[in-house]
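Shown next, in C-alpha coordinates, is the structure this report addresses.
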Ligand SMILES: Nc1ncnc2c1ncn2[C@@H]1O[C@H](COP(=O)(O)OP(=O)(O)OP(=O)(O)O)[C@@H](O)[C@H]1O
Ligand SMILES: NC(=O)c1ccc[n+]([C@@H]2O[C@H](COP(=O)(O)O)[C@@H](O)[C@H]2O)c1
(Lines give C-alpha, C1' and ligand atoms only; values in the text may rest on other atoms or scores of the structure.)
(Ligands and ions follow the chains in the order given, each with its own letter.)
Protein backbone atom coordinates (compact mmCIF):
# COMPACT_ATOMS: atom_id res chain seq x y z
CA UNK A 1 0.00 0.00 0.00
CA UNK A 2 2.89 2.42 0.40
CA UNK A 3 6.34 3.07 -1.06
CA UNK A 4 8.01 2.29 2.26
CA UNK A 5 8.33 -1.20 0.75
CA UNK A 6 10.94 0.13 -1.67
CA UNK A 7 14.46 -0.94 -0.71
CA UNK A 8 15.83 2.58 -1.16
CA UNK A 9 12.93 4.18 0.68
CA UNK A 10 13.75 7.09 2.90
CA UNK A 11 10.91 8.96 4.62
CA UNK A 12 10.34 12.08 2.48
CA UNK A 13 10.28 14.30 5.55
CA UNK A 14 13.80 13.24 6.52
CA UNK A 15 15.19 13.20 3.01
CA UNK A 16 16.60 16.59 2.01
CA UNK A 17 17.60 15.34 -1.44
CA UNK A 18 14.14 14.44 -2.61
CA UNK A 19 13.98 14.69 -6.39
CA UNK A 20 12.20 17.97 -7.19
CA UNK A 21 8.88 18.12 -9.00
CA UNK A 22 8.18 20.35 -12.01
CA UNK A 23 7.77 24.06 -11.31
CA UNK A 24 4.08 25.07 -11.50
CA UNK A 25 4.85 27.40 -14.42
CA UNK A 26 5.32 24.31 -16.60
CA UNK A 27 1.90 22.92 -15.67
CA UNK A 28 -0.53 24.78 -17.87
CA UNK A 29 -4.09 24.00 -16.90
CA UNK A 30 -4.23 24.24 -13.14
CA UNK A 31 -7.76 25.52 -12.82
CA UNK A 32 -9.77 23.62 -10.20
CA UNK A 33 -11.96 20.74 -11.27
CA UNK A 34 -14.92 22.27 -9.44
CA UNK A 35 -16.38 25.72 -10.15
CA UNK A 36 -14.81 28.31 -7.86
CA UNK A 37 -18.06 29.74 -6.55
CA UNK A 38 -21.21 27.99 -5.53
CA UNK A 39 -23.22 30.24 -7.84
CA UNK A 40 -21.64 28.49 -10.81
CA UNK A 41 -23.60 25.39 -9.97
CA UNK A 42 -26.66 27.35 -10.99
CA UNK A 43 -25.37 27.63 -14.53
CA UNK A 44 -26.10 24.82 -16.90
CA UNK A 45 -22.96 22.80 -17.42
CA UNK A 46 -23.33 22.95 -21.16
CA UNK A 47 -23.46 26.72 -21.11
CA UNK A 48 -20.54 28.07 -23.09
CA UNK A 49 -17.57 29.32 -21.14
CA UNK A 50 -17.48 32.48 -23.23
CA UNK A 51 -20.75 34.28 -23.88
CA UNK A 52 -23.08 33.26 -26.61
CA UNK A 53 -24.65 35.93 -28.70
CA UNK A 54 -28.22 35.46 -29.68
CA UNK A 55 -28.99 35.11 -33.34
CA UNK A 56 -31.56 37.81 -33.05
CA UNK A 57 -29.06 40.29 -31.70
CA UNK A 58 -26.45 39.48 -34.26
CA UNK A 59 -28.69 39.76 -37.22
CA UNK A 60 -30.21 43.01 -36.16
CA UNK A 61 -27.56 44.81 -34.22
CA UNK A 62 -24.21 43.56 -35.28
CA UNK A 63 -22.99 47.09 -35.87
CA UNK A 64 -24.52 48.66 -32.84
CA UNK A 65 -22.29 49.69 -30.00
CA UNK A 66 -24.87 48.73 -27.36
CA UNK A 67 -24.75 45.15 -28.52
CA UNK A 68 -20.98 45.13 -28.35
CA UNK A 69 -21.03 46.50 -24.83
CA UNK A 70 -23.45 43.91 -23.61
CA UNK A 71 -21.39 41.13 -25.05
CA UNK A 72 -18.16 42.45 -23.66
CA UNK A 73 -19.64 42.70 -20.22
CA UNK A 74 -20.73 39.14 -20.52
CA UNK A 75 -17.25 38.15 -21.48
CA UNK A 76 -15.77 39.87 -18.46
CA UNK A 77 -18.34 38.26 -16.24
CA UNK A 78 -17.72 34.78 -17.57
CA UNK A 79 -13.98 35.15 -17.41
CA UNK A 80 -14.26 36.03 -13.79
CA UNK A 81 -16.03 32.75 -13.10
CA UNK A 82 -13.34 30.53 -14.51
CA UNK A 83 -10.15 32.38 -13.82
CA UNK A 84 -7.38 32.15 -16.34
CA UNK A 85 -4.04 30.96 -15.16
CA UNK A 86 -1.11 33.02 -16.38
CA UNK A 87 0.72 29.78 -17.04
CA UNK A 88 -1.67 28.31 -19.57
CA UNK A 89 -0.12 27.40 -22.87
CA UNK A 90 -2.53 29.69 -24.60
CA UNK A 91 -5.48 31.52 -23.21
CA UNK A 92 -8.89 30.38 -24.30
CA UNK A 93 -10.28 32.70 -26.91
CA UNK A 94 -13.96 33.07 -27.49
CA UNK A 95 -13.48 31.41 -30.83
CA UNK A 96 -12.45 28.25 -28.97
CA UNK A 97 -15.13 28.35 -26.46
CA UNK A 98 -18.20 29.62 -28.20
CA UNK A 99 -21.35 27.62 -28.18
CA UNK A 100 -22.59 25.68 -31.09
CA UNK A 101 -24.34 28.71 -32.47
CA UNK A 102 -21.12 30.61 -32.79
CA UNK A 103 -21.33 30.76 -36.60
CA UNK A 104 -24.07 33.20 -36.08
CA UNK A 105 -21.65 35.69 -34.69
CA UNK A 106 -18.92 35.21 -37.19
CA UNK A 107 -19.16 38.76 -38.46
CA UNK A 108 -18.77 40.48 -35.16
CA UNK A 109 -15.52 41.97 -34.05
CA UNK A 110 -15.48 43.23 -30.52
CA UNK A 111 -11.80 44.00 -30.30
CA UNK A 112 -12.68 47.63 -29.81
CA UNK A 113 -13.50 47.01 -26.19
CA UNK A 114 -10.12 46.12 -24.70
CA UNK A 115 -10.70 42.42 -25.26
CA UNK A 116 -7.76 42.17 -27.58
CA UNK A 117 -7.54 38.40 -27.22
CA UNK A 118 -11.08 37.97 -28.42
CA UNK A 119 -11.72 37.89 -32.10
CA UNK A 120 -15.08 36.63 -33.12
CA UNK A 121 -14.43 37.09 -36.83
CA UNK A 122 -12.70 33.76 -37.01
CA UNK A 123 -14.83 31.10 -38.59
CA UNK A 124 -14.98 28.64 -35.77
CA UNK A 125 -17.80 26.65 -37.20
CA UNK A 126 -16.20 24.94 -40.12
CA UNK A 127 -15.67 21.88 -37.98
CA UNK A 128 -18.52 22.52 -35.63
CA UNK A 129 -20.47 19.34 -36.07
CA UNK A 130 -17.46 17.09 -36.49
CA UNK A 131 -16.74 14.49 -33.91
CA UNK A 132 -12.99 14.56 -33.55
CA UNK A 133 -12.22 11.53 -31.46
CA UNK A 134 -8.98 10.19 -32.91
CA UNK A 135 -9.46 7.08 -34.93
CA UNK A 136 -7.39 4.14 -33.79
CA UNK A 137 -5.86 4.07 -37.25
CA UNK A 138 -4.57 7.61 -36.95
CA UNK A 139 -1.26 7.82 -35.14
CA UNK A 140 -0.15 11.05 -33.56
CA UNK A 141 2.47 12.97 -35.47
CA UNK A 142 4.71 12.69 -32.42
CA UNK A 143 4.08 9.08 -32.10
CA UNK A 144 6.82 7.11 -33.73
CA UNK A 145 5.94 3.80 -32.17
CA UNK A 146 4.57 1.01 -34.22
CA UNK A 147 1.04 -0.26 -34.20
CA UNK A 148 0.84 -3.82 -35.30
CA UNK A 149 -2.36 -4.74 -37.05
CA UNK A 150 -2.07 -8.50 -37.09
CA UNK A 151 -5.07 -10.29 -38.49
CA UNK A 152 -5.04 -13.92 -37.42
CA UNK A 153 -3.47 -15.98 -40.16
CA UNK A 154 -2.65 -19.33 -38.59
CA UNK A 155 -5.26 -21.34 -36.80
CA UNK A 156 -3.28 -22.38 -33.78
CA UNK A 157 -4.96 -23.87 -30.75
CA UNK A 158 -4.61 -22.58 -27.22
CA UNK A 159 -2.88 -25.22 -25.15
CA UNK A 160 -4.67 -24.60 -21.86
CA UNK A 161 -8.03 -24.57 -23.57
CA UNK A 162 -7.44 -27.54 -25.80
CA UNK A 163 -6.30 -29.96 -23.07
CA UNK A 164 -9.86 -30.84 -22.28
CA UNK A 165 -12.96 -30.40 -24.36
CA UNK A 166 -13.20 -29.15 -27.92
CA UNK A 167 -10.26 -27.43 -29.55
CA UNK A 168 -10.52 -23.67 -29.70
CA UNK A 169 -8.98 -21.98 -32.69
CA UNK A 170 -7.33 -18.60 -32.74
CA UNK A 171 -9.91 -17.29 -35.17
CA UNK A 172 -12.49 -18.02 -32.49
CA UNK A 173 -10.60 -16.48 -29.58
CA UNK A 174 -7.93 -13.93 -30.36
CA UNK A 175 -4.37 -14.77 -29.41
CA UNK A 176 -3.37 -12.94 -26.27
CA UNK A 177 -0.32 -11.44 -27.89
CA UNK A 178 -2.15 -10.47 -31.03
CA UNK A 179 -2.50 -6.71 -31.00
CA UNK A 180 -5.91 -5.50 -32.14
CA UNK A 181 -5.82 -3.13 -35.08
CA UNK A 182 -4.63 0.38 -34.26
CA UNK A 183 -3.46 -0.46 -30.76
CA UNK A 184 -0.04 0.58 -29.57
CA UNK A 185 1.66 -1.82 -27.14
CA UNK A 186 4.30 -0.68 -24.65
CA UNK A 187 7.86 -1.89 -24.93
CA UNK A 188 9.53 -3.96 -22.24
CA UNK A 189 12.48 -1.62 -21.80
CA UNK A 190 13.02 2.07 -21.31
CA UNK A 191 15.26 2.36 -24.38
CA UNK A 192 12.38 1.57 -26.74
CA UNK A 193 9.74 3.30 -24.69
CA UNK A 194 7.39 5.71 -26.39
CA UNK A 195 4.42 7.47 -24.86
CA UNK A 196 1.13 5.79 -25.88
CA UNK A 197 -1.12 8.25 -27.66
CA UNK A 198 -3.21 6.05 -29.95
CA UNK A 199 -6.36 6.82 -27.96
CA UNK A 200 -5.41 10.32 -26.89
CA UNK A 201 -7.69 12.83 -28.59
CA UNK A 202 -5.80 15.17 -30.86
CA UNK A 203 -8.50 17.81 -30.94
CA UNK A 204 -11.27 18.92 -28.61
CA UNK A 205 -14.77 17.82 -29.57
CA UNK A 206 -16.49 20.50 -27.53
CA UNK A 207 -15.88 24.22 -27.61
CA UNK A 208 -17.15 24.97 -24.13
CA UNK A 209 -14.99 22.65 -22.05
CA UNK A 210 -11.43 22.34 -20.83
CA UNK A 211 -9.29 19.31 -21.69
CA UNK A 212 -8.54 16.69 -19.04
CA UNK A 213 -6.41 13.53 -18.87
CA UNK A 214 -6.97 10.99 -16.07
CA UNK A 215 -4.13 8.90 -14.64
CA UNK A 216 -4.57 5.95 -12.25
CA UNK A 217 -1.41 4.90 -10.40
CA UNK A 218 -1.30 1.57 -8.60
CA UNK A 219 -0.06 -1.99 -8.53
CA UNK A 220 -2.74 -3.57 -10.72
CA UNK A 221 -1.56 -7.00 -9.66
CA UNK A 222 -3.74 -8.05 -11.39
CA UNK A 223 -6.02 -5.42 -12.94
CA UNK A 224 -9.69 -6.09 -12.10
CA UNK A 225 -13.06 -4.92 -13.39
CA UNK A 226 -13.14 -2.48 -10.49
CA UNK A 227 -10.02 -0.72 -11.77
CA UNK A 228 -11.65 -0.43 -15.19
CA UNK A 229 -14.95 0.71 -13.67
CA UNK A 230 -13.16 3.47 -11.76
CA UNK A 231 -12.52 5.25 -15.06
CA UNK A 232 -16.13 4.87 -16.19
CA UNK A 233 -17.37 6.26 -12.87
CA UNK A 234 -14.92 9.15 -13.19
CA UNK A 235 -16.04 9.86 -16.74
CA UNK A 236 -19.68 10.06 -15.66
CA UNK A 237 -18.84 12.35 -12.75
CA UNK A 238 -16.72 14.64 -14.91
CA UNK A 239 -19.39 14.87 -17.59
CA UNK A 240 -22.14 15.55 -15.06
CA UNK A 241 -20.42 17.84 -12.64
CA UNK A 242 -17.62 19.71 -14.36
CA UNK A 243 -16.68 21.75 -17.40
CA UNK A 244 -13.96 19.37 -18.52
CA UNK A 245 -13.76 17.04 -21.50
CA UNK A 246 -11.80 13.84 -20.95
CA UNK A 247 -9.32 13.55 -23.82
CA UNK A 248 -7.34 10.55 -22.56
CA UNK A 249 -6.99 8.10 -19.68
CA UNK A 250 -4.06 5.98 -18.50
CA UNK A 251 -3.14 3.18 -16.13
CA UNK A 252 0.36 3.66 -14.79
CA UNK A 253 1.47 0.43 -13.06
CA UNK A 254 4.12 0.89 -10.39
CA UNK A 255 7.64 -0.53 -10.94
CA UNK A 256 8.99 -3.71 -9.36
CA UNK A 257 10.86 -1.55 -6.86
CA UNK A 258 7.61 -0.97 -5.00
CA UNK A 259 8.21 -4.37 -3.39
CA UNK A 260 4.64 -4.84 -2.28
CA UNK A 261 3.59 -8.40 -1.40
CA UNK A 262 1.82 -10.02 -4.32
CA UNK A 263 3.37 -7.83 -6.98
CA UNK A 264 3.78 -9.77 -10.24
CA UNK A 265 6.65 -8.52 -12.38
CA UNK A 266 6.07 -5.17 -14.02
CA UNK A 267 5.97 -6.41 -17.60
CA UNK A 268 3.22 -8.91 -16.70
CA UNK A 269 1.19 -6.24 -14.93
CA UNK A 270 1.59 -3.85 -17.86
CA UNK A 271 0.57 -6.56 -20.34
CA UNK A 272 -2.49 -7.51 -18.25
CA UNK A 273 -3.54 -3.85 -18.12
CA UNK A 274 -3.03 -3.62 -21.88
CA UNK A 275 -5.14 -6.71 -22.52
CA UNK A 276 -7.91 -5.37 -20.29
CA UNK A 277 -7.89 -1.98 -22.03
CA UNK A 278 -7.63 -3.37 -25.55
CA UNK A 279 -10.35 -5.96 -25.13
CA UNK A 280 -12.87 -4.14 -22.96
CA UNK A 281 -12.48 -0.42 -23.63
CA UNK A 282 -12.30 2.02 -26.49
CA UNK A 283 -10.57 4.84 -24.64
CA UNK A 284 -8.29 3.51 -21.88
CA UNK A 285 -4.51 3.22 -22.34
CA UNK A 286 -1.54 1.92 -20.37
CA UNK A 287 1.70 3.82 -19.94
CA UNK A 288 4.71 1.68 -18.99
CA UNK A 289 7.07 4.57 -18.22
CA UNK A 290 6.68 4.35 -14.41
CA UNK A 291 6.94 0.56 -14.44
CA UNK A 292 10.19 0.72 -16.43
CA UNK A 293 12.00 3.14 -14.12
CA UNK A 294 15.08 1.71 -12.41
CA UNK A 295 13.86 2.94 -9.03
CA UNK A 296 10.57 3.71 -7.32
CA UNK A 297 8.99 6.87 -8.72
CA UNK A 298 6.85 9.06 -6.49
CA UNK A 299 3.35 9.72 -7.80
CA UNK A 300 4.04 13.48 -8.04
CA UNK A 301 6.84 12.72 -10.52
CA UNK A 302 4.61 10.31 -12.45
CA UNK A 303 2.08 13.11 -12.96
CA UNK A 304 4.94 15.39 -14.02
CA UNK A 305 5.86 12.78 -16.64
CA UNK A 306 2.33 12.95 -18.08
CA UNK A 307 2.45 16.73 -18.05
CA UNK A 308 5.75 16.62 -19.87
CA UNK A 309 4.51 14.21 -22.53
CA UNK A 310 1.17 15.89 -23.12
CA UNK A 311 1.70 19.58 -22.43
CA UNK A 312 5.39 20.17 -22.92
CA UNK A 313 6.30 17.75 -25.74
CA UNK A 314 2.91 17.72 -27.52
CA UNK A 315 1.94 21.25 -26.63
CA UNK A 316 -1.46 20.28 -25.28
CA UNK A 317 -4.43 19.69 -27.53
CA UNK A 318 -5.87 21.48 -30.53
CA UNK A 319 -8.99 23.50 -29.75
CA UNK A 320 -12.21 22.53 -31.46
CA UNK A 321 -11.96 25.26 -34.05
CA UNK A 322 -8.39 24.26 -34.77
CA UNK A 323 -7.01 27.71 -34.11
CA UNK A 324 -5.14 27.27 -30.86
CA UNK A 325 -3.68 24.68 -28.58
CA UNK A 326 -4.98 24.29 -25.04
CA UNK A 327 -3.16 23.23 -21.89
CA UNK A 328 -4.43 19.90 -20.60
CA UNK A 329 -5.32 19.38 -16.95
CA UNK A 330 -3.94 16.12 -15.58
CA UNK A 331 -5.62 14.43 -12.60
CA UNK A 332 -4.86 11.46 -10.40
CA UNK A 333 -7.61 8.87 -10.16
CA UNK A 334 -7.50 6.90 -6.90
CA UNK A 335 -9.58 4.90 -4.46
CA UNK A 336 -10.47 6.16 -1.00
CA UNK A 337 -7.85 3.93 0.66
CA UNK A 338 -5.03 5.45 -1.35
CA UNK A 339 -6.19 8.93 -0.46
CA UNK A 340 -6.36 8.05 3.22
CA UNK A 341 -2.74 6.90 3.03
CA UNK A 342 -1.99 10.59 2.40
CA UNK A 343 -2.66 11.15 6.09
CA UNK A 344 -0.20 8.49 7.23
CA UNK A 345 3.17 9.74 8.47
CA UNK A 346 6.15 9.40 6.13
CA UNK A 347 4.28 7.91 3.19
CA UNK A 348 3.85 11.09 1.15
CA UNK A 349 6.09 14.15 1.22
CA UNK A 350 4.18 17.31 2.10
CA UNK A 351 5.48 19.13 -0.97
CA UNK A 352 4.30 16.23 -3.14
CA UNK A 353 0.79 16.51 -1.72
CA UNK A 354 0.81 20.25 -2.40
CA UNK A 355 2.02 19.54 -5.93
CA UNK A 356 -0.44 16.73 -6.67
CA UNK A 357 -3.49 18.37 -5.14
CA UNK A 358 -2.64 21.97 -6.03
CA UNK A 359 -1.20 21.69 -9.53
CA UNK A 360 -2.96 18.57 -10.78
CA UNK A 361 -5.95 17.43 -8.71
CA UNK A 362 -7.54 14.23 -7.59
CA UNK A 363 -10.57 12.12 -8.53
CA UNK A 364 -11.40 9.90 -5.56
CA UNK A 365 -13.59 6.82 -5.85
CA UNK A 366 -15.18 5.93 -2.52
CA UNK A 367 -14.20 2.54 -1.18
CA UNK A 368 -15.59 0.43 1.66
CA UNK A 369 -13.74 1.13 4.85
CA UNK A 370 -12.70 4.65 3.93
CA UNK A 371 -14.63 7.76 4.83
CA UNK A 372 -13.30 10.08 2.17
CA UNK A 373 -15.44 13.11 3.00
CA UNK A 374 -14.48 13.17 6.69
CA UNK A 375 -10.89 12.63 5.73
CA UNK A 376 -11.02 15.56 3.31
CA UNK A 377 -12.33 17.75 6.07
CA UNK A 378 -9.68 16.73 8.55
CA UNK A 379 -6.60 16.86 6.30
CA UNK A 380 -5.21 20.39 6.02
CA UNK A 381 -3.64 20.11 2.55
CA UNK A 382 -6.65 18.24 1.17
CA UNK A 383 -8.99 20.83 2.60
CA UNK A 384 -6.90 23.64 1.15
CA UNK A 385 -7.25 22.13 -2.32
CA UNK A 386 -10.78 20.77 -1.96
CA UNK A 387 -11.89 22.56 -5.14
CA UNK A 388 -9.41 20.43 -7.00
CA UNK A 389 -10.76 17.17 -5.64
CA UNK A 390 -13.82 15.37 -6.92
CA UNK A 391 -15.23 12.60 -4.73
CA UNK A 392 -16.99 9.96 -6.82
CA UNK A 393 -19.75 7.95 -5.25
CA UNK A 394 -20.00 4.33 -6.26
CA UNK A 395 -23.67 4.01 -7.14
CA UNK A 396 -23.32 0.28 -7.68
CA UNK A 397 -20.99 -0.86 -4.98
CA UNK A 398 -18.03 -2.90 -6.11
CA UNK A 399 -15.26 -3.95 -3.75
CA UNK A 400 -13.20 -6.31 -5.84
CA UNK A 401 -9.63 -6.28 -4.59
CA UNK A 402 -6.54 -7.58 -6.34
CA UNK A 403 -5.42 -9.11 -3.05
CA UNK A 404 -8.49 -11.36 -2.86
CA UNK A 405 -8.21 -12.23 -6.54
CA UNK A 406 -4.65 -13.43 -5.87
CA UNK A 407 -5.88 -15.52 -2.94
CA UNK A 408 -8.62 -17.11 -5.07
CA UNK A 409 -6.06 -17.97 -7.74
CA UNK A 410 -3.79 -19.51 -5.16
CA UNK A 411 -6.68 -21.63 -3.84
CA UNK A 412 -7.63 -22.64 -7.36
CA UNK A 413 -10.97 -20.85 -7.05
CA UNK A 414 -12.80 -19.13 -9.88
CA UNK A 415 -12.08 -15.48 -10.60
CA UNK A 416 -14.46 -15.39 -13.54
CA UNK A 417 -16.42 -12.10 -13.73
CA UNK A 418 -14.00 -10.37 -11.38
CA UNK A 419 -11.53 -9.59 -14.14
CA UNK A 420 -11.59 -9.71 -17.94
CA UNK A 421 -11.27 -13.15 -19.55
CA UNK A 422 -8.18 -12.05 -21.46
CA UNK A 423 -6.48 -11.26 -18.14
CA UNK A 424 -7.56 -14.59 -16.62
CA UNK A 425 -6.15 -16.43 -19.62
CA UNK A 426 -2.90 -14.46 -19.40
CA UNK A 427 -2.58 -15.35 -15.70
CA UNK A 428 -3.14 -19.02 -16.53
CA UNK A 429 -0.74 -19.03 -19.46
CA UNK A 430 2.03 -17.48 -17.36
CA UNK A 431 1.24 -19.33 -14.13
CA UNK A 432 0.98 -16.09 -12.17
CA UNK A 433 0.07 -15.87 -8.48
CA UNK A 434 -0.24 -19.64 -7.88
CA UNK A 435 2.97 -20.01 -5.90
CA UNK A 436 2.63 -16.82 -3.95
CA UNK A 437 3.54 -16.78 -0.29
CA UNK A 438 1.48 -13.76 0.67
CA UNK A 439 0.24 -14.23 4.29
CA UNK A 440 -3.44 -15.17 4.18
CA UNK A 441 -4.23 -13.05 7.25
CA UNK A 442 -3.05 -9.98 5.34
CA UNK A 443 -5.17 -10.97 2.39
CA UNK A 444 -8.31 -11.47 4.43
CA UNK A 445 -7.92 -8.17 6.25
CA UNK A 446 -8.18 -6.36 2.92
N1 LIG B 1 -12.73 -1.70 -4.62
C2 LIG B 1 -12.16 -0.53 -4.83
N3 LIG B 1 -12.85 0.64 -4.65
C4 LIG B 1 -12.25 1.85 -4.89
N5 LIG B 1 -10.98 1.98 -5.31
C6 LIG B 1 -10.25 0.88 -5.49
C7 LIG B 1 -10.79 -0.44 -5.28
N8 LIG B 1 -9.82 -1.35 -5.58
C9 LIG B 1 -8.74 -0.64 -5.93
N10 LIG B 1 -8.97 0.68 -5.87
C11 LIG B 1 -8.04 1.76 -6.20
O12 LIG B 1 -7.35 1.42 -7.39
C13 LIG B 1 -6.04 1.95 -7.36
C14 LIG B 1 -5.05 0.88 -7.66
O15 LIG B 1 -5.30 -0.11 -6.72
P16 LIG B 1 -4.42 -1.37 -6.46
O17 LIG B 1 -3.70 -1.84 -7.63
O18 LIG B 1 -3.69 -1.16 -5.21
O19 LIG B 1 -5.66 -2.39 -6.27
P20 LIG B 1 -6.06 -3.12 -4.98
O21 LIG B 1 -7.19 -3.95 -5.41
O22 LIG B 1 -6.26 -2.19 -3.84
O23 LIG B 1 -4.73 -3.96 -4.79
P24 LIG B 1 -4.23 -4.75 -3.56
O25 LIG B 1 -5.41 -5.55 -3.11
O26 LIG B 1 -3.11 -5.53 -4.12
O27 LIG B 1 -3.81 -3.73 -2.51
C28 LIG B 1 -5.86 2.56 -5.96
O29 LIG B 1 -6.08 3.96 -6.08
C30 LIG B 1 -6.95 1.92 -5.15
O31 LIG B 1 -7.37 2.77 -4.12
N1 LIG C 1 4.84 9.18 -1.90
C2 LIG C 1 4.19 8.72 -2.93
O3 LIG C 1 4.33 9.21 -4.04
C4 LIG C 1 3.24 7.56 -2.76
C5 LIG C 1 2.89 7.07 -1.50
C6 LIG C 1 2.00 5.99 -1.43
C7 LIG C 1 1.50 5.41 -2.57
N8 LIG C 1 1.85 5.95 -3.78
C9 LIG C 1 1.35 5.35 -5.02
O10 LIG C 1 0.03 4.93 -4.86
C11 LIG C 1 -0.19 3.72 -5.56
C12 LIG C 1 -0.64 2.71 -4.54
O13 LIG C 1 -0.91 1.56 -5.14
P14 LIG C 1 -1.34 0.32 -4.25
O15 LIG C 1 -2.71 0.66 -3.72
O16 LIG C 1 -1.38 -0.79 -5.20
O17 LIG C 1 -0.32 0.17 -3.19
C18 LIG C 1 1.13 3.36 -6.23
O19 LIG C 1 1.11 3.84 -7.54
C20 LIG C 1 2.15 4.14 -5.42
O21 LIG C 1 3.28 4.53 -6.16
C22 LIG C 1 2.69 6.98 -3.88
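The values are calculated or read from the model by the stated rules, or taken from the named source; none is laboratory data. All figures in this text were calculated on a predicted structure; none of them were measured in a lab. Cβ: placed from backbone, ideal geometry, glycine included. Neighbour counts: every protein chain shown.
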(message) So residue 252 ticks every box in (1) more than 10 Å from ligand 2 (Cβ to nearest atom); (2) within 30 Å of residue 206 (Cβ to Cβ); (3) buried (at least 23 other Cβ atoms within 10 Å of the Cβ) but one. Which box is left unticked?
(response) (1)
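Against the condition touching a residue at least 24 places away in the same chain (Cβ under 8 Å), out of contact with any helix residue (DSSP H, G or I) (no Cβ under 6 Å at 6 or more places or on another chain) and part of a helix (DSSP H, G or I), how does residue 353 come out, does it pass?
Working: touching a residue at least 24 places away in the same chain (Cβ under 8 Å): yes; out of contact with any helix residue (DSSP H, G or I) (no Cβ under 6 Å at 6 or more places or on another chain): no; part of a helix (DSSP H, G or I): yes.
Criteria not met by residue 353.
Does residue 326 qualify as being touching a strand residue (DSSP E or B) at 6+ places or on another chain (Cβ under 9 Å), closer than 15 Å to residue 29 by Cβ and within 15 Å of ligand 2 (Cβ to nearest atom)?
On the way: touching a strand residue (DSSP E or B) at 6+ places or on another chain (Cβ under 9 Å): yes; closer than 15 Å to residue 29 by Cβ: yes; within 15 Å of ligand 2 (Cβ to nearest atom): no.
Against the criterion (touching a strand residue (DSSP E or B) at 6+ places or on another chain (Cβ under 9 Å), closer than 15 Å to residue 29 by Cβ and within 15 Å of ligand 2 (Cβ to nearest atom)), residue 326 does not qualify.
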(message) Which of the numbered conditions does residue 364 fail, given that it passes all the others? Conditions: (1) surrounded by fewer than 24 Cβ atoms within 10 Å (Cβ to Cβ); (2) without any contact (Cβ under 8 Å) to a residue 60 or more places away in the chain; (3) more than 11 Å from ligand 2 (Cβ to nearest atom).
(response) (1)
(request) Please list, ordered by first then second residue, the pairs with beta carbon atoms under 9 Å, 6 or more apart or interchain, first in region 219-231 and within 20 Å of residue 246 (Cα to Cα), second part of a helix (DSSP H, G or I) and within 9 Å of ligand 1 (Cβ to nearest atom). (result) 226/402; 227/402
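Just to verify a result, which residue in region 399-431, among those that are part of a loop (DSSP other than H, G, I, E, B) and within 16 Å of ligand 2 (Cβ to nearest atom), is modelled with the lowest pLDDT?
Going residue by residue through region 399-431, those that are part of a loop (DSSP other than H, G, I, E, B) are 399-401, 411-415, 417-418, 420, 431.
Subsequent filtering for residues that are within 16 Å of ligand 2 (Cβ to nearest atom) retains 399-401.
Working: 399: 89, 400: 93, 401: 94.
Within region 399-431, the match that is modelled with the lowest pLDDT is 399.
Say whether the condition of being under 21 Å from the mean Cα position of the chain (by Cα), within 11 Å of ligand 1 (Cβ to nearest atom) and either under 20 Å from residue 236 (Cα atoms) or touching a residue at least 60 places away in the same chain (Cβ under 8 Å) (or both) is met by at least one residue in region 374-392. If you could, list the steps in order and put the result at the bottom.
If we filter region 374-392 for residues that are under 21 Å from the mean Cα position of the chain (by Cα), which is where we start, we get 382, 385-392.
Still in the running and within 11 Å of ligand 1 (Cβ to nearest atom): 392.
Okay, now just the ones that are also either under 20 Å from residue 236 (Cα atoms) or touching a residue at least 60 places away in the same chain (Cβ under 8 Å) (or both), so 392.
Looking for residues that are under 21 Å from the mean Cα position of the chain (by Cα), within 11 Å of ligand 1 (Cβ to nearest atom) and either under 20 Å from residue 236 (Cα atoms) or touching a residue at least 60 places away in the same chain (Cβ under 8 Å) (or both), one finds at least one in region 374-392, hence yes.
Residue check: is residue 332 more than 13 Å from ligand 1 (Cβ to nearest atom) and either under 19 Å from residue 235 (Cα atoms) or not in a loop (DSSP other than H, G, I, E, B) (or both)? Step through it out loud before you land on a result.
Values: more than 13 Å from ligand 1 (Cβ to nearest atom): no; either under 19 Å from residue 235 (Cα atoms) or not in a loop (DSSP other than H, G, I, E, B) (or both): yes.
So residue 332 fails the test.
Kindly establish whether residue 368 is in a loop (DSSP other than H, G, I, E, B), within 16 Å of ligand 1 (Cβ to nearest atom) and modelled with pLDDT of 95 or more. Before the answer, list the steps.
On the way: in a loop (DSSP other than H, G, I, E, B): yes; within 16 Å of ligand 1 (Cβ to nearest atom): yes; modelled with pLDDT of 95 or more: no.
When the stated conditions are applied, residue 368 does not pass them.
Go through the residues of region 302-320 one by one and say whether even a single one is assigned to a helix (DSSP H, G or I), under 30 Å from residue 425 (Cα atoms), within 16 Å of ligand 1 (Cβ to nearest atom) and within 14 Å of the chain's Cα centre (by Cα). Let's see the steps before the verdict.
Pass one, region 302-320, residues assigned to a helix (DSSP H, G or I): 302-313.
So of that shortlist, the ones also under 30 Å from residue 425 (Cα atoms) come out as 302.
Now restrict to residues that are within 16 Å of ligand 1 (Cβ to nearest atom): 302.
Among the residues that remain, those that are also within 14 Å of the chain's Cα centre (by Cα) are: 302.
Yes, the conditions are met somewhere in region 302-320.
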(request) Kindly indicate whether residue 337 is under 22 Å from the mean Cα position of the chain (by Cα), away from ligand 1 (no atom under 15 Å from the Cβ) and at negative phi. (result) no
